[in-house]
Amino acid sequence: EKARLDLGTFFNDEKATGKFSFKNPTAAEQKLTNILASCACARAEFHIGDRVYVLDKEPVANSLHRVTKQDGQDVKERVSHITVGANEAGHVDVQMEMHGVRGAKEATLDIQTSDTATPHLKLSWRATGAVFFEVNPPDVNLNEMTWNDKRDFQFEISSPLREDFNVTGHEPLGPGVT
């Protein structure tokens with residue numbers, strides 16, 4: 001129904017998620033093959049009727065698996081394509097890792113089909129990564145100190161969401177830390 005989604009803004013280590021709905025508009029069975037994600041940060045799960053397929057990073061990037069349940073456990077079977085029956089509908093759930101992302105991030109899913117009218121599909125989605133707090137400097141290197149060394153340092157905490165942000169308290173500090 002849509003080939004491009006804006007998933008919105010995600011904070012810190014959230015996963016951006018979205019859903020693409022589709023329907024085979026033909027009276028013939030179609031195959032989805034050569035499904036490729038643009039980056040390792042993207043994951044796709046295809047739901048067609050009661051069938052589930054996952055595009056995974058394991059054992060190699062863009063590995064397609066059918067997922068079934070056996071004794072309550074997910075069992076993955078590697079497959080080469082997804083079959084979509086005549087007039088059958090489904091959806092693709094997509095995810096994108098947002099860990100450490102600040103600003104816009106995009107991912108795509110390229111799909112070859114057996115439909116001569118639409119031999120190639122490209123699904124794309126974007127999300128914006130943001131943080132609640134910024135710490136500057138982000139790291140203080142204390143690795144080269146011995147157990148009895150002391151080092152003075154300071155850092156600043158701010159919020160890109162609110163300029164009037166103030167730290168009003170903290171958890172108890174360890175001995176010797178002020």
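Here is the figure for region 102-134: residues that are closer than 30 Å to Phe155 by Cα and open to solvent by less than 70 Å² (accessible area, probe 1.4 Å) total 9. Do we find that Glu88 is over 25 Å from the mean Cα position of the chain (by Cα), at negative phi and surrounded by 15 or more Cβ atoms within 10 Å (Cβ to Cβ) in this structure? Against the criterion (over 25 Å from the mean Cα position of the chain (by Cα), at negative phi and surrounded by 15 or more Cβ atoms within 10 Å (Cβ to Cβ)), Glu88 qualifies.
The residue pairs whose first member lies in region 155-176 and is within 25 Å of Thr128 (Cβ to Cβ), whose second member is aromatic (Phe, Trp, Tyr) and open to solvent by less than 100 Å² (accessible area, probe 1.4 Å), and whose beta carbons are closer than 6 Å, counting only pairs six or more residues apart or on different chains, are Ser159/Phe165. Tallying residues that are open to solvent by 30 Å² or more (accessible area, probe 1.4 Å), assigned to a strand (DSSP E or B) and more than 30 Å from Arg102 (Cβ to Cβ) within region 8-57 yields 9. Mind listing just one residue for me: the one in region 155-175 that is among the hydroxyl-bearing types (Ser, Thr, Tyr) and part of a loop (DSSP other than H, G, I, E, B) and, of those, most open to solvent (accessible area, probe 1.4 Å)? For region 155-175, the residue satisfying everything is Thr168. Scanning region 58-69 for residues that are loosely packed, with under 10 Cβ neighbours inside 10 Å and either in contact with a Gly (Cβ under 9 Å, 6 or more places away or on another chain) or not in a strand (DSSP E or B) (or both) turns up Glu58, Pro59, Val60. Residues of region 49-62 that are under 18 Å from Thr83 (Cβ atoms) and under 17 Å from the mean Cα position of the chain (by Cα): Tyr53, Val54, Leu55. One residue is enough: does region 91-99 have a residue meeting the conditions open to solvent by 60 Å² or more (accessible area, probe 1.4 Å) and under 16 Å from Pro25 (Cα atoms)? Checking region 91-99: not a single residue is open to solvent by 60 Å² or more (accessible area, probe 1.4 Å) and under 16 Å from Pro25 (Cα atoms).
The values are calculated or read from the model by the stated rules, or taken from the named source; none is laboratory data. For clarity, every value in this text was computed on a predicted model and none was experimentally measured. No Cβ is skipped: glycine too gets one built from the backbone with ideal geometry, and neighbour counts run over all protein chains shown. Ligands, DNA and RNA are excluded from the accessible area calculation, which covers all protein heavy atoms including side chains. Shrake-Rupley method; radii C 1.70, N 1.55, O 1.52, S 1.80 Å.
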